[in-house]
């Protein structure tokens, strides 16, 4: 009896009741609606975006919608558009500073929170708040802090004899102001990922290094950091993608200004499309952004090792 | 414990508490603004003791903000339900079957979640103009599927990966069909994951700003867009802005607290093996 049961189990592991073909068909029927809808809501629009990027579509001139006479003119213009190049440079600065500082701060805070202490464990939840808040609320919070009339920060620094200029309208400080707000919003994300990584760090490795006489710095550099390499990479990539999408903070705090000093590429594309009605050209810019996103996503999929199904 | 180690512990505690203040203070400042009058908001040094007023909230309740709030709730719930219904079976199949193109599928799912919103906004805007879906709740529900459906597939797949096949196999041996085993055994086992995934979907839809900004005007306007509209006139009504912001973040804070443990896993899902 038990022999039959275990034989049955062995067969079941290979395939469900009715054999592999039936199981395959069942999985197929589970998957079809998901993929069909996902295809309709994501792939079709992407193709449409690609098609639109080949037209000079301007909403005020309906005839331009299906004008494919010079399909590459938008892409040619990308190369000579100084404002676009400026926006890429702003994007680069924003991404570099936010991602690197979030990783650094996240790592430092994670090391501190990793200490065994009930107080610290209770405080962990607090760090979730900035990153779960609706982005628009985060933007409003920082708008308040950066508006001199009602900002406790401006009041306090002025009272200490060190008045601040209005940061978000100042050409030298506006981008910095956005970077600070973005770090406040998202360093908890990198921190939590790194903390999760630290918690699976094998004790033996740490102990062995200690016995070999490693100090805290050596321990961090030679044991902890190499162990966390994968986590840091993925956390950084996730933040990199999000920094390409940055919108609410810029929309509320600076509207891309003063001038164009905080205008990232995503924001420039938005302005082209919905302020200047140049949907064709905006689509071309967006196609480039999507291509970038796909490349970074591919790096994540590879880093996580999800190229293969199952385990 | 040596004196040095004890000193280090104390230093770490102080540093963390300072950080907690930095994290909490801006957020608490907005909360207290929402129960102040306009004059009190502009008064410095700020009054720490004041009689809270709910005038700002009452003003919101009497305005069109109420409808925007209802829109947000309706759209987020509907989009979550649809995404779960469509995505969970697919996630199960992806977890259990071995498809040759699993790698490309993962990339597709992740990329649609990661794509900048404007990439979908432009084509949806153009198509909705013809279909009459601009400024409708239906239009928002559909576009929210772009990120929520991928989110469900991504999260539930890793959740199903972590549930043992053994129990399904036992059910098969007891004569259950594939569908029965899925509905009666696998889904109940995955209930905590289902609940947490649904909450995350709800939060992403609720927090959306960009899609609603472009695709709605008045009828289907959601709460985040409505709050920002208080900023468009001279002499901003900071009290109303703060109260509106507080109402928008309230459900988010409640739900996040409920799923705080899963949240970390959900946000970091796939980043850590095992």
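Observations, loosely collected:
- In the range B:132-142, residue surrounded by the fewest Cβ atoms within 10 Å (Cβ to Cβ) [restricted to those that are more than 9 Å from every other protein chain (Cβ to nearest Cβ) and not in a loop (DSSP other than H, G, I, E, B)]: B:138
- Filtered residue count, the range B:5-44, keeping only those that are under 30 Å from residue B:244 (Cβ atoms) and facing chain A (nearest Cβ under 8 Å): 13
- Of the listed requirements (1) within 27 Å of residue B:182 (Cα to Cα); (2) modelled with pLDDT under 85, residue B:44 misses just one: (1).
- The residues on offer are B:242, B:205, B:226, and the sole one that is closer than 30 Å to residue B:88 by Cβ and modelled with pLDDT of 85 or more is B:205.
- Any hit, the range B:143-165, residues being assigned to a helix (DSSP H, G or I), farther than 30 Å from residue B:205 by Cβ and within 10 Å of chain A (Cβ to nearest Cβ): no
- Number of the condition not met by residue B:209 [criteria: (1) buried (at least 21 other Cβ atoms within 10 Å of the Cβ); (2) under 16 Å from residue B:121 (Cα atoms); (3) touching a residue at least 24 places away in the same chain (Cβ under 8 Å)]: (3)
- Whenever a residue of the range A:185-211 is more than 10 Å from chain B (Cβ to nearest Cβ) and within 16 Å of residue A:113 (Cβ to Cβ), its partners that are at pLDDT below 90 and not in a helix (DSSP H, G or I), lying with C-beta atoms within less than 7 angstrom and at least six residues away or across chains, give the pairs A:198/A:114.
- Lone qualifier among A:90, A:37, A:109, A:41 - being more than 9 Å from chain B (Cβ to nearest Cβ), within 28 Å of the chain's Cα centre (by Cα) and either surrounded by fewer than 20 Cβ atoms within 10 Å (Cβ to Cβ) or outside any loop (DSSP other than H, G, I, E, B) (or both): A:90
- Candidate set from the range B:120-131 (those that are surrounded by fewer than 24 Cβ atoms within 10 Å (Cβ to Cβ) and touching a helix residue (DSSP H, G or I) at 6+ places or on another chain (Cβ under 9 Å)); member that is farthest from the other protein chains (Cβ to nearest Cβ): B:131
- Within this structure, residue B:89 fails the test of being within 7 Å of chain A (Cβ to nearest Cβ), touching a helix residue (DSSP H, G or I) at 6+ places or on another chain (Cβ under 9 Å) and under 30 Å from residue A:66 (Cα atoms).
- Residue A:50 fulfils the conditions (1) in a helix (DSSP H, G or I); (2) in contact (Cβ under 8 Å) with a residue 60 or more places away in the chain; (3) farther than 30 Å from residue B:153 by Cα except for a single criterion, (3).
- Number of positions in the range B:48-77 that are under 21 Å from residue B:197 (Cα atoms) and surrounded by 17 or more Cβ atoms within 10 Å (Cβ to Cβ): 3
- Residue ID - farthest from residue A:292 (Cα to Cα), chosen from residues in the range A:112-130 that are within 8 Å of another protein chain (Cβ to nearest Cβ) and in contact (Cβ under 8 Å) with a residue 60 or more places away in the chain: A:113
- Considered as a group, the residues in the range B:92-116 that are facing chain A (nearest Cβ under 7 Å) and within 30 Å of residue A:248 (Cβ to Cβ) include one that is modelled with the highest pLDDT, and that residue is B:116.
- Taking the range A:144-159 as the range and being more than 8 Å from chain B (Cβ to nearest Cβ) and either within 15 Å of residue B:244 (Cα to Cα) or not in a loop (DSSP other than H, G, I, E, B) (or both) as the test, the residues that pass are A:146, A:148, A:153, A:154, A:156, A:157, A:158.
The values are calculated or read from the model by the stated rules, or taken from the named source; none is laboratory data. Since the model is a prediction, treat every value here as computed from it, not as a measurement. Neighbour counts run over all protein chains shown; Cβ positions are idealised from the backbone, glycine included.
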